[in-house]
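In what follows, a structure is listed as structure tokens, so that the remarks can point back to it.
A short reminder: the numbers here are calculations on the coordinates, not readings from a lab. Everything numeric here is computed off the predicted structure, so don't read it as measured data. Here the Cβ is made from the backbone with ideal geometry for all residues, glycine too, and neighbour counts use every protein chain on show.
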Amino acid sequence: MSSPLIVLTASTTEASEWRHSIWQQMMSATVPARFSKHIINPASLITESWPDGRAKYVPNGLRMVETLLLREYAEEDVVTCYVENLEKFVGPETKVVAIHAHNPLGISYATDVYSKLAGDNMMPLNATEFLRIVQHPVLKKYKPKIVIGGPGAWQLEKANRLDEFNVTHLIDGEVELVFNDLFKRIIAGDPSLPRIIKLSKDTQPSVEEIPVVRHRSTFGVVEITRGCGRGCQFCSPATKVGRSFPLKHIMESVRMNVSEGATEVMLASEDMFLYEQLPNFVTNTVALEKLFASVKGVPGLKTIQTSHITMAPVVKDPTVIERLTPLIVPYSHVTHKDSTDANKCVADPIIGLETGSPRLFNTFMKGKAYPYKAHQWRDVVLKGMEILNRHNWYPFCTFIIGLPGETDEDTRQSLDLLYELRDAKGTFVPTWFVPLEDTRMSQKESAKLIAMTDLQWEFFFTCWKYNLEFWHGARHRAKFQLGVPIYYRMLGKKLFGRGIKYPLYRFAGWPDRFMRKHLYLDFTGYKRTSRLMKPFDKEIIPGFESVRGLNMVDASQLHVIGNSASAPAAEAFNAGD
């Protein structure tokens, strides 16, 4: 049997859909490979193949590449498989092996920093899984062209490792309009083709030019929008105009995934509230209701995941959450004991909170709060969390530590916000600033773990204290109370100095009365309860009056930047108005 012309693959950590958990993929980029067997369930790295060895599911980006290739080549010439089956398919006739790279070195959003908590030379599991592919003996034997693309491909260029991995071409950008011609030139060995192919924004396709993928994606990912336009300087999609896929396209993708065994789909978006948005980023609730009602009606589909949302639309019009909750929460696979849903289901969209500092917010991401202003961000976050929690939305919230120019006062303001979120129900994940490619901050310096201040360590470990208590209560406290002092004395102090000590001990659950003199936040006498966060119309916190008086719904009373469509508004943000 002859080998296929083109073989497509992705690392196991990026392809697995174990327990439908995006946590597994995030963990694989943070856990040191050396200790992964003790931290990650080995079953999470098991994938499924069809009897002929082809992959049942891979990342959606790789499925798109496969779909584009199948426009020009026969099914027998294009094979998508996992690393375990590379030797079965790669052979003398194979011209190209294309590798999807979402986070190949485990450094997106500073996830590699987590692995360095165990030592400076610790390689995250995601990186070792990527190495399994590029260092596979069958590639050395037959020497096909190695082409790498995907949202994390830039990491290899930035780390100057293309030669090490024998990469023939690296492709960066949206490929739908140019891919087939590009691939023909790659196969032909066109000498005029640069090694690093960066696709400009001029090649961004319209949604009508993006095909429905032919086969099932990991997590049953179905795109509902591309781009954002809010202008956050650290984010690539935020610089691109938002585009919504037609409902027909979305439904075809959902039905295709279900037909190949998916029982869940993830409706992927940089911000779900941008779907079929109205002028000035106004949420089109009717369109979203129709979308979710249509998706949940597909026979064989059991659960639905959402991806990203922003907080400002929640506050501007709380009825959006009220109307969407019956269409989303009961169809989530995530549960929590505090949920008031009949089956304890909760929605867990991803929200970038990023900072509690109005100064940093105004500098790097003020479009995220539109139509509100940077100085209102704290109030928007608190009111938004109250609205979400009341309807059983327990979001996955990210913060960025070490934004360029961050001062101790900025960190204190983030700690103040974190303290005020102590009753909120959700997950708070601190990340370090990384200058991602194709962003307005790509030339800035990354935040460095060794340069973390005492206040930043306090913020980091207070987030994880919240998360441990929220998801596990006191069940795991004993082992942390014993293990943390051992870690600090044997490794933590040596790596990061004394500043890590008291934040670590707080994370482990040691009584705050022993640490209140050494830390900024004082939780003395505070005990986390299982009650829902009190609505702010019953309990007003200091400073909240700035938005409560407007009920945070009537944005016409606020100064609004831009007064026509969303794109001009975003341009106003970007221009620094």
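A few remarks follow.
- Mean residue ellipticity at 222 nm, helices only, the chain: -9000 deg cm²/dmol; runs of at least 4 DSSP H residues each add -39,500 (n - 2.57), and the sum is divided by the number of residues.
- Long-range HN-HN contacts of Tyr57 with modeled amide H, under 5 Å: Glu48
- Neighbour-count order for Phe514, Phe219, fewest beta carbons within 10 angstrom listed first: Phe514, Phe219
- Pairs of alpha carbons in segment 249-314 whose separation is greater than 16 Å (percent): 48 percent
- Its Cα centre serving as origin, segment 6-203 has a Cβ charge dipole (Lys and Arg +1, Asp and Glu -1) of approximately 460 debye.
- Descending by average beta-carbon neighbour count within 10 Å, the peptides 50-56, 230-236 line up as 230-236, 50-56, the highest first.
- Relative exposure of Trp18, Trp377, judged by other C-beta atoms within 10 Å (fewest first): Trp18, Trp377
- Shape of segment 125-202, Cα gyration tensor, a/c cut at 1.5: oblate
- Here Lys184 is the anchor, and the aspartates and glutamates within straight C-alpha reach of less than 12 Å, apart from those fewer than 8 places off in the same chain, are Glu72.
- Multiplying each eigenvalue of the alpha-carbon gyration tensor of the chain by 5 and taking the square root yields semi-axes of 38, 29, 23 Å, largest first, rounded to whole angstroms.
- Of the trypsin sites (Lys or Arg not before Pro) found in segment 113-198, those in coil by DSSP whose Cβ has at most 11 other Cβ atoms within 10 Å are Arg195.
- Using only alpha carbons, segment 6-203 has a radius of gyration to Kirkwood radius ratio (Rg to Rh) of 0.95.
- Cα shape, segment 421-462, gyration tensor, a/c 1.5 rule: oblate
- Amide hydrogen neighbours beyond the local backbone of Lys145, cut-off 5 Å, H modeled: Val96, Val97
- Taking amide H atoms as placed 1.01 Å from N in the peptide plane, the amide H of Thr431 lies under 5 Å from those of Phe399, Ile400, Ile401, each 5 or more residues away in sequence or on another chain.
- Stokes-Einstein D (µm²/s) once Rh is taken as the Kirkwood radius of segment 216-514 over alpha-carbon pairs, at 25 °C in 0.890 mPa s: 120 µm²/s
- Acute angle (nearest 10 degrees) that the helix 454-472 long axis makes with the longest principal axis of the chain, alpha-carbon atoms: 80 degrees
- Full-extension gain in nm, Ala188 to Thr203, via 0.36 nm per residue minus C-alpha separation: 3.2 nm
- With θ taken as phi - 60° and the Karplus curve 6.51 cos²θ - 1.76 cosθ + 1.60 applied, the whole-hertz 3J(HN,Hα) list for segment 34-46 is 4, 10, 4, 5, 8, 10, 9, 4, x, 5, 5, 9, 8 Hz, x standing for glycine and proline.
- With pairing defined as another cysteine C-beta under 4.7 Å, the cysteines of the chain that fail it are Cys81, Cys228, Cys345, Cys397, Cys463.
- Rounded to the nearest Hz, the phi-derived 3J(HN,Hα) couplings of segment 64-75 under the Karplus curve 6.51 cos²θ - 1.76 cosθ + 1.60 (θ = phi - 60°) are 5, 4, 4, 4, 5, 5, 5, 6, 10, 10, 6, 4, where x marks glycine and proline.
- What the Kirkwood sum gives for segment 99-258 is a hydrodynamic radius of 17.9 Å, with every pair of different alpha carbons counted.
- Set Lys316/Lys425; Lys145/Lys248; Lys116/Lys479; Lys368/Lys425; Lys344/Lys501; Lys344/Lys383 screened for pairs whose C-alpha atoms are more than 32 Å apart: Lys145/Lys248; Lys344/Lys501
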